[in-house]
Amino acid sequence: MTTKKNKTLKKLESVEAFKKFVSEFQQSSSYREPIGFGIARVDRGQVNSEKILQATYPVVNWKENFGSAAVFLASLEASGVGIDVSGSEFVSSINAKFIENALNLFEPFMNEADGDKHRNIQVIAMLEEVLGMEGFDVEVDYKIIFIFEDVAPKSVESAYLKLYALSLGKAPLRSLNLNGIFGLLTNCAWAQGTPIELDYLREHEIELKLTNSYPPIDFVDKFPRFLTHVIPADNTRVLDSSKVRFGAQLAAGTTVMPGASYINFNAGTTGAVMVEGRISSSAIVEAGSDVGGGASILGVLSGTNGNPITIGKNTLLGANSVTGIPLGDGCIVDAGISILEGTKVFISRDEVAKIKDVNPSFNPDESKELFKGLEIAGLNGIHFRQNSQNGQITGSRSKREVKLNVELH
Amino acid sequence: MTTKKNKTLKKLESVEAFKKFVSEFQQSSSYREPIGFGIARVDRGQVNSEKILQATYPVVNWKENFGSAAVFLASLEASGVGIDVSGSEFVSSINAKFIENALNLFEPFMNEADGDKHRNIQVIAMLEEVLGMEGFDVEVDYKIIFIFEDVAPKSVESAYLKLYALSLGKAPLRSLNLNGIFGLLTNCAWAQGTPIELDYLREHEIELKLTNSYPPIDFVDKFPRFLTHVIPADNTRVLDSSKVRFGAQLAAGTTVMPGASYINFNAGTTGAVMVEGRISSSAIVEAGSDVGGGASILGVLSGTNGNPITIGKNTLLGANSVTGIPLGDGCIVDAGISILEGTKVFISRDEVAKIKDVNPSFNPDESKELFKGLEIAGLNGIHFRQNSQNGQITGSRSKREVKLNVELH
Amino acid sequence: MTTKKNKTLKKLESVEAFKKFVSEFQQSSSYREPIGFGIARVDRGQVNSEKILQATYPVVNWKENFGSAAVFLASLEASGVGIDVSGSEFVSSINAKFIENALNLFEPFMNEADGDKHRNIQVIAMLEEVLGMEGFDVEVDYKIIFIFEDVAPKSVESAYLKLYALSLGKAPLRSLNLNGIFGLLTNCAWAQGTPIELDYLREHEIELKLTNSYPPIDFVDKFPRFLTHVIPADNTRVLDSSKVRFGAQLAAGTTVMPGASYINFNAGTTGAVMVEGRISSSAIVEAGSDVGGGASILGVLSGTNGNPITIGKNTLLGANSVTGIPLGDGCIVDAGISILEGTKVFISRDEVAKIKDVNPSFNPDESKELFKGLEIAGLNGIHFRQNSQNGQITGSRSKREVKLNVELH
């Protein structure tokens, strides 16, 4: 922790001056390059105001915008709140002096900060407006967060920043350390995006109920919903906000129907996918695939022995099917059948040959016709069916297109 | 387009005068009998105010109330906005003069316009009140729409009018041309019934998030929800508004449970049905049937090769079953099984005989015992099961009542 | 009905005086020990104000707090509204005199009434505050309810009190008489917890739609949602309020996911359970069990011939499975299979022997290897699978832990 000081940084007059300032500061011991950083509005507990219930980031920086990181750290250091870049993350309050300093440093770009440009500067400019607003206290309602190492998050604020990075597609699914996140987050009642401590409801139940002011509770969970924090692409649709947890990732063009679907945190799609079933935490579905009505893709917490599932491109999971193994491109799982790690699948030698054509690395014993699910996990172009006359689960070369990964050939 | 003029129509003094006026106007070239018409309040884009995001009709006229259509066209023509009845549809703004003219023409019925009576007149009377209300601009916030030909809708307003006709049961499911509707409608974020352009959220994200005024988004879709526009019958229940898309039809007595159900647009029920599963777009379920928990009825967009599915009366689709063919009355699909177009179903000769009794037109080869799903599509009284000892999918005469259509005998 | 009188009861000065008063009143003919009682705020019909649409209880007394019951009955009797304890239930309005009298009788405890202590007194104290509040009328907006006999409820207020007793875990599931409850409750449109008569929407549709004030309808049902009335335990999660109907019971630690789950009234969990499927009305799931994604447990209204289903402890229902029989502890139903009352299950003699080890009362014929579902209902430690090569449904000794009930040994 550096010594606290409270001084005003000089207004920078040119882009060159800005670059010089940033460059020098980045060489100093006060700077450390963050993986991610941002400024969040925080919701605090109604009963326990020390408890952070939610952190809302208007702008998330992830392996980018290090100039702004330098400005923020320098402005913080000068603002008297003190900084500490020695740990895996640094979470701090802000104050009016921080805002003033950041504005002074950002001065050369102030006129261009609009729309998609200089969004960190827009955040600071907005915070300056907030200083004059009734009902907000910048020292209480906002936090600045830096993540320096991708280890288990230590704060609600850094946990949210990682969930944002996933949901905004700035970090790949399954790439971040989220260990212990359930322990960090508080189980709350959520009313129209605002988290409410259950204890607050308990303490005020009599008054709230008798005066008809009990809040309309949408759900009770540790996580908020995706749509509370993320604006999807123009061609992405989520027909029910309850169906996608914050921390999920939806690639542009994905549609999530409201029937039996659900996408958990750290799960989702990497291309346009039709989702009418469940994508459990850790599962990923690639472009052009279709998760049929009520289809389940199991997750590491729900039946896959810790092997996370990826479903390849252009694969169809039929209505009410269950998939417990990874699948490649161009597969079909017929409606209503379950393919788990231990499911035995009959594939005739003819069909094995055809499947080998689209899976160069698949080389089973010549005579083998019965495969466990795990043995054929991740292969392209398999059509899984159940013979309706003898109940046999079979695999055969599917008629869906398989685009072979050229790097494998 | 007729020449614009701006004149006040004379107040009609009697029902006879009204009839005479209407009759004469209907003979004129300014009139054309509409299939449907109505006046809507429109939600416009927050960023692009030319974009209509939603049209809310308090009253929908569908093959009815042609006197009101004449009054509206005559009042419009006189109001100076100009009319054009030459195309498949006509969408226009309205103004104060239109309201004044329509009131003058409707004068003979004004005193009776209440409750279920003369609802078009009530709309005009309400618009007159709106003229004096803060926050509304009749020339911006309302539109009048006439559909003359059932071709692909050309406007958001006419698309909504058709969806209303379906959802209100004024037009049969699958009877209207909805081609291109996905292209017409804008994908929006919906907050408590109000559509919000995604671009608006993007442009204001920083301000909205930092000032705790980000709207609570219920869903992101091109379509609104059924319950935002339609008041169901007293004995109809929809336990979660996300489960029924606008454009679906729910006959009185239908119950839609919140588990795994969904009813898409241009799909629904024609009698009292218990719905705990999915009725895909284009699928219809008739009176007394039961779509079990998680059951899927496939749609033309999801696996039926373009053949829309009708499920007859008093038929039971078991929990987690999947149905990909039309079924007649009194059928049962057992829990967890899938009957698709290509599914082979064994029906013993004894059972074929019993099934023929309730399907006079069903005359398979004498020796035939193995049927593809499509070959027995639409038949009454079949019970589909899977033999739990050998996996065979079988059909037999169900024990559910089949009411034979007397017209077939 | 006692004669009406309107008198002020004397303020009690000590705990002894309170005990004496209660004891004497409880001997009088005006008192009868209730099963349950409480004071509710009621929502009345917007069109028909005589119709009670919802009753919200801040405090529910169930086989407890009989001193408060005596205070309430004595205060009511003196307040001039008259009491009647002769029927199975008694529902009454309250008035200012009732509040004054109850405060006088509760006087000795007034200072301690806070937090979890003396919550009935807190209710009366809050009602005294309501007397001075704009927009409330204690004679119209509140009711006091006593249930003396557990027969079919006769009022909306008593039906709600019973549903509260179930949802708060004060009465065991399936223990209360709810006959006729569907007839008592009114099908309403619900907007953020407030019930709205469908007729109100009909009568005001034109005005509401044209002035952009149509309420955002969350659902249409006779029952409200669980989270509108009940504050769950800190470790209980309900990720979508639509998924749990009021009248369901969720033991602490239960998680209800938003995919394909639903818990109906008079159904639920008696320990920490992961719920990703459907628990139909009358079904109960015990501690440590897991209802997989899309799994269905049938209810007495949906396929079990009236036999309510209990699922024992530590049992796993796989994704998209269907269970139509009770199961014991430590069972597994594999993903995607259906075990109904009539399903034939093959259990080899070896496995029968192992299953007998954890089910002392299970003594089938020596040679029996084929069992109907009902014949093995409620047994512990069975793993149900479908052989993927011949379609046979089999039972075997599961590998999940079975904790034998010591009382059975």
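Can you list, shortest first in nanometers, how far C:Asp116 lies from the same residue in the other copies, with each label 7 Å from Cα toward Cβ? So the label point of C:Asp116 gives 5.6, 5.6 nm to the other copies.
Inter-chain neighbour count for B:69-82: the average number of beta-carbon atoms from partner chains within 10 Å of each residue's beta-carbon is 0. Counting Cβ atoms of other protein chains within 10 Å of each Cβ in A:333-343 and taking the mean gives 6. Couplings 3J(HN,Hα) for region B:223-230, derived from phi with the Karplus relation 6.51 cos²θ - 1.76 cosθ + 1.60 (θ = phi - 60°), are 9, x, 9, 3, 6, 6, 10, 10 Hz, where x marks Gly and Pro.
Along the Cα-to-C-beta direction of C:Ala353, a point sits 7 Å from the Cα; which residues of region C:375-398 have their amide N less than 15 Å from that point? Counting only backbone N, you get C:397. Note on region B:15-177: dipole from Cβ charges, positive end direction compared against B:Ala74, B:Met133, B:Tyr164; the farthest Cα belongs to B:Tyr164. Look at the stretch C:316-326: the mean tally of other chain Cβ atoms within 10 Å of its residues' Cβ atoms is 6. The residue of chain A whose Cβ sits closest to the rotation axis that maps A onto B, together with that distance in whole Å, is A:Gly391, 1. Compared with the dominant principal axis of the Cα atoms in chain A, helix A:15-27 is inclined by about 80°. Extending 7 Å from the Cα toward the beta-carbon at both C:Asn305 and A:Ser86 defines two label points whose distance is 7.4 nm. Considering only beta bridges that DSSP places wholly inside region A:159-254, some 90 percent are antiparallel. Considering all C-alpha pairs of the protein assembly as shown, those separated by over 55 Å amount to 27%.
Per residue of chain A, the DSSP helices (runs of n ≥ 4 H) give a summed -39500 (n - 2.57) that works out to -7000 deg cm²/dmol at 222 nm.
Scattering from region B:274-409 was approximated by placing one identical point on each alpha carbon and applying the Debye formula without solvent; log10 I(q)/I(0) at 0.15 1/Å stands at -0.65. Annotation: Cα Rg of region C:301-348 relative to the compact-globule expectation 2.2 N^0.38 Å equals 1.12. Counting 0.36 nm for each residue step from A:Ser367 to A:Ser28 and taking away their Cα separation leaves a gain of 115.4 nm. Each part reduced to its alpha carbon centroid, region C:182-209 and region A:220-250 end up 29 Å apart. Sort out for me the Cα centre separation of region C:49-96 from region B:161-175, rounded to whole Å. Distance between centres, Cα-based: 49 Å. Each copy carries a label point for A:Phe66 at 7 Å from Cα toward Cβ; from one copy, the others' points are 7.7, 7.7 nm away, ordered from shortest.
Taking the label point 7 Å along Cα→Cβ, C:Asp234 and its counterparts in the other copies are spaced 4.8, 4.8 nm apart, in ascending order. Annotation note: trypsin sites (Lys or Arg not before Pro) in region A:290-379 located in DSSP loop regions with a Cβ neighbour count of at most 12 within 10 Å are A:Lys368.
For the residues C:Gly180, C:Gly391, C:Gly378, a GNM of chain C with alpha-carbon springs under 10 Å puts the largest fluctuation on C:Gly391. Between the beta carbons of C:Asp199 and B:Glu129, assuming R0 = 30 Å, the FRET efficiency works out to 0.85 to the nearest 0.05.
Rounded to the nearest 10 degrees, the angle from helix C:96-106 to the longest Cα principal axis of chain C is 70 degrees.
Using the average count of surrounding beta-carbon atoms within 10 Å as a protection proxy, the listed peptides B:198-208, A:257-267 rank, highest first, as A:257-267, B:198-208.
Considering only C:Ala377, B:Gly180, C:Val123, the residue lying farthest towards the positive end of the dipole of the protein assembly as shown is C:Ala377, judged by Cα position with unit charges set on Cβ. Counting only DSSP beta bridges with both residues in the protein assembly as shown, the antiparallel share comes to about 55 percent. Compared with the dominant principal axis of the Cα atoms in chain C, helix C:198-210 is inclined by about 80°.
Under the simplified labelling scheme, the C:Phe182-A:Thr186 pair shows an inter-label distance of 4.2 nm, with each label point 7 Å from Cα along Cα→Cβ.
Computed from the coordinates by the stated procedures, all read-outs in this text should not be read as laboratory data. For clarity, every value in this text was computed on a predicted model and none was experimentally measured. Glycine gets a Cβ as well: all are built from the backbone with ideal geometry, and neighbour counts include every protein chain shown.
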